[in-house]
């Protein structure tokens, strides 16, 4: 969906909680789709709110243009912080409806 919205995107980040094994199949599917579309997919694991700022700093260094935020408990609980960090980093963001309400690009 992100590639359809922004056809020129080359590097996408995915923010996920590695402690939540339910997200693993989604990550594998994202990797497959990214390869098919010729888009780089960089994974940024976040286990708690403390790791968010560092993850966004790494995204900036990795020249990420957009970010997908998985629907997961830790990330949903930090939606306002994630939306603010995405805006500060000027990253297009896609995630939950809560993310869109908090200022994310797509929800």
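A short reminder: the numbers here are calculations on the coordinates, not readings from a lab. Values in this document were obtained by computation on a predicted structure and should not be read as measured data. Counting neighbours? That spans all protein chains shown, and the Cβs are built from the backbone with ideal geometry, glycine included.
Highest first, please rank the peptides 64-77, 35-48 by the mean number of other Cβ atoms sitting within 10 Å of their residues. Mind showing how you got there, number by number?
Details: 64-77: 19.4, 35-48: 14.1.
Per-residue Cβ counts within 10 Å, averaged per peptide and sorted highest first, yield 64-77, 35-48.
Which part of region 45-70 falls in the paramagnetic zone of residue 19, meaning amide N under 13 Å from the point 7 Å along Cα-to-beta-carbon?
Backbone N within reach: 46-52.
Taking 7 Å along the Cα-to-C-beta vector as the label spot, tell me the residue 55-residue 32 distance in nanometres, rounded to one decimal.
Distance between the two pseudo-spin positions: 2.4 nm.
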